[in-house]
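A short write-up of the structure that comes next.
The values are calculated or read from the model by the stated rules, or taken from the named source; none is laboratory data. For clarity, every value in this text was computed on a predicted model and none was experimentally measured. All Cβ positions, even for glycine, are placed from backbone atoms using ideal geometry, and neighbour counts span all protein chains on display. Accessible surface areas use protein heavy atoms only, side chains included; no ligands, DNA or RNA. Shrake-Rupley method; radii C 1.70, N 1.55, O 1.52, S 1.80 Å.
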Amino acid sequence: FLVNEMVGSNQLMLPLILVAAISFFTTMYFEQESIYGVLSKYVLIHPERTPEDGITLIRLLEVPKTIIRASAPPDWNKLLTSDPSEEFAVVDDGKILLGILRRNRIVPDKMDDLIKLLDPPTGVLSMRDSAKHARAACRIFSRDSLPVVDSRFRFRGFVTKAQLPPERTEESSQSATH
């Protein structure tokens, strides 16, 4: 449409529609699922992976005392005095994780735009991830705790480094087999 506007002619409209239709149907023929569906399986959900250490994160999940809904923010003064947590999950009405609010960013009188104060949810883990995967993510993202979501990206809790079992070394796994 932009080309049509710039050129001032409708002569290119039919070839443009034809090329767009061919590329769309070619993509649909070779790729039955959109790129977003494919990425969600490999980046977030990992449905085919079974935990090597037998411990899924669902068993280590720590549900926080306070989950902040973006549509109904809490009384900030009360929150700061009643909950000692350093991180708060901010969710929408469908419990979809929007971001993480750090305690040091809460200034009760200046909380007009909550979304601007959020950190993006980095290092998000799936409930099916293994403890080994969670340890690696904590190292990669330099975090002591990471948010855990279900397959629909609904927030389920945090997993902390302290909750994770110690990493098995090559020597300990060999001595366990002998």
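Read through the list (1) at pLDDT 75 or above; (2) open to solvent by 70 Å² or more (accessible area, probe 1.4 Å); (3) not in a helix (DSSP H, G or I), then give the number of the only condition that Glu33 fails.
(1)
Using the structure shown, decide if Ser71 is out of contact with any strand residue (DSSP E or B) (no Cβ under 6 Å at 6 or more places or on another chain) and open to solvent by 50 Å² or more (accessible area, probe 1.4 Å).
Yes.
Could you list, ordered by first residue, the pairs with Cβ atoms under 8 Å in which the first is in the range 112-141 and farther than 16 Å from Gln163 by Cα and without any contact (Cβ under 8 Å) to a residue 60 or more places away in the chain and the second is assigned to a helix (DSSP H, G or I) and open to solvent by less than 40 Å² (accessible area, probe 1.4 Å), at least 6 apart or interchain?
Pairs that qualify, where the first residue is farther than 16 Å from Gln163 by Cα and without any contact (Cβ under 8 Å) to a residue 60 or more places away in the chain and the partner is assigned to a helix (DSSP H, G or I) and open to solvent by less than 40 Å² (accessible area, probe 1.4 Å), are Gly123/Ala137; Gly123/Cys138.
Please list, ordered by first then second residue, the pairs with beta carbon atoms under 8 Å, 6 or more apart or interchain, first in the range 79-94 and modelled with pLDDT of 85 or more, second hydroxyl-bearing (Ser, Thr, Tyr) and crowded, with 19+ Cβ neighbours inside 10 Å.
Glu87/Ser145
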